[in-house]
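One structure below.
Each reported figure results from applying straightforward, stated rules to the coordinates on display, with no laboratory input. The structure displayed is predicted, hence computed values, not measured ones. Ideal geometry is used to build each Cβ from the backbone, glycine not excepted, and the neighbour counts take in all protein chains shown.
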Amino acid sequence: MTAEHGVLLTLGYDGTSFSGWATQRKMRTVEEVVRGAILALDPRAEGPRGCSRTDAGVHAEGQLAAFDAKLFMPPRGWVLTLNKQLPEDATVREARIVPAGFNPRFASIRKRYRYDLLLDKVRDPLLCNRTWRIGYDMDMDRMEREARAIVGTHDFAAFRSAGDQRTNTVRTIDSIAITKSLDDARRWSVAIEGTAFMYNMVRILVGTLADVARGHLPEGTITRALEGKDRALAGKTAPAAGLTLMRVDLDLPAETGAPWPP
């Protein structure tokens, strides 16, 4: 195969040293690092086209990005050769062949995020870049009760940052689960899955849940903020370090090839 074709990548990265996904002048971003690796192998390639614009400090296990290649390699070749070009804090986890011009952003049907909490009075250097350490007492039963109001289709205007200017603020959250680690009683996670999310939406939801769990905000805050559509009614924005983009489900074209690794 020599004609132009698309390649869809599943990417993982530690966001600590990145200024987010999207290219920014004089800043180290995931998009620029991935583009550099692609062009080192195929100077005429176009892309990458990312699916989610993760913020500075946010991590990913299942970010998706596509590019159009002139050079043909099977998916295994793209995974192995791109990973030789990428730095240690980014990796290609999977590749598959797709039609040229395919953009995963417009094929996304569901996303799953996980937010990791560390309930500890003192810091843990091994977890400082991957969790939000909370040193005050937390009522996690109270957090779980509050979280129930998030599930469903709502206007989430109160749960986006000022930088999000989209006019349609209705989103559907399919599920939210708050779980304690079986191996470490200090560690909790909030997994949230939905059709789409706005700028800082997950971090504001988690920050609000934390404010309710520590008694800083009353139970029912989520419901009142949804009804009031006012950012001032919600809680704080949780730090970026605890957030990981876990998975994006796509409506893939019929011509999509098999992934490698299988």
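Every condition in (1) touching a residue at least 40 places away in the same chain (Cβ under 8 Å); (2) closer than 21 Å to T16 by Cβ holds for F102 except the one numbered (2).
Only one of the listed residues (R160, R133, R114) is free of Cβ contacts under 8 Å to residues at least 60 places away in the same chain, surrounded by 15 or more Cβ atoms within 10 Å (Cβ to Cβ) and either touching a Phe, Trp or Tyr at 6+ places or on another chain (Cβ under 9 Å) or within 21 Å of T54 (Cα to Cα) (or both). That residue is R133.
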